[in-house]
Amino acid sequence: AYLTYKKDKVLTEVAEKRLRALKDFTELGSGFKIAMRDLEIRGAGNLMGKAQHGQMSVVGYDLYVRMLDTAIKMITGEIMEEKVDTTIDMKIDAYIPSSYISDEVHKIEVYKRIASMESEEDYDDIKEELLDRFSDIPDSLYNLMDIARLKFYANRAGVLELRDRGKDILITFASAEKLTPEKVSLLFEKYADRTEFQRKNPAVAFTIVEKERYQTMDALTKLMKELTEADRVAKES
């Protein structure tokens, strides 16, 4: 099939993406892939934020399937409680440069892969794929991947918000119940001389006061892992 349009015709962004999808998927059996891409073009959802709601045509096919899977697991008891929707506010550049991935469709795919990260294995797989497909990863994209990994662990730890305020790091738990005695003990053990608790109903805020510039992404990720592990050990014992 040959699809043509007049030279002076200005295509909309959606039209260009759909034509590109038809061009990219040419092998036998591509119809289903094109249908999924069409759903994604019409609405991929808010990838990194809270506004992930609506019907399939609004949020995109992949996100819709993940949301449906989570809802089924909660109904059947596989997931006992709803995950916290963590917000990460760090003062770093975190994005995919156009000089690294120029194709908008591929860029959206990578954003979605990063946003759906749920394990260290996912992190390593994305990193390996990016290196294989697009060569060396720029710092801003590494930052984006690190934030997604941090968000995953913070979510597990019951943290509602992680905010870099310049002189300190604010950690807000989703509720007082999420800040268990084991977590309090761990936080005081690690940051006894530079901490401050503040009750913000229904959440509890915990501030790490900065004395050195130790609050790297890796350090915060390690802390979120330790908070999750502290709860797990307490439940098993």
*Of all residues in segment 155-188, which are surrounded by fewer than 21 Cβ atoms within 10 Å (Cβ to Cβ) and part of a helix (DSSP H, G or I)?*
ASN155, ARG156, ALA176, GLU177, LYS178, PRO181, GLU182, VAL184, SER185, LEU186, LEU187, PHE188
*Could you tell me which of the residues LYS112, LYS83 is closer than 27 Å to ILE169 by Cβ, at pLDDT below 90 and basic (Lys, Arg)?*
LYS83
_Matching residues in segment 115-134 - criterion: being modelled with pLDDT of 90 or more and either surrounded by 15 or more Cβ atoms within 10 Å (Cβ to Cβ) or not in a helix (DSSP H, G or I) (or both)_ = ASP122, TYR123, ILE126, LEU130, PHE134
*Take segment 135-154 and flag every residue that is open to solvent by 40 Å² or more (accessible area, probe 1.4 Å) and outside any helix (DSSP H, G or I).*
SER135, ASP136
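The values are calculated or read from the model by the stated rules, or taken from the named source; none is laboratory data. Owing to the predicted nature of the structure, the values given are computational and were not obtained by experimental measurement. Because the Cβ atoms are built from the backbone with ideal geometry, glycine has one as well, and the counts that use them run over all protein chains shown. These area figures cover heavy atoms from the full protein model, side chains too; ligands, DNA and RNA do not enter into them. Shrake-Rupley method; radii C 1.70, N 1.55, O 1.52, S 1.80 Å.
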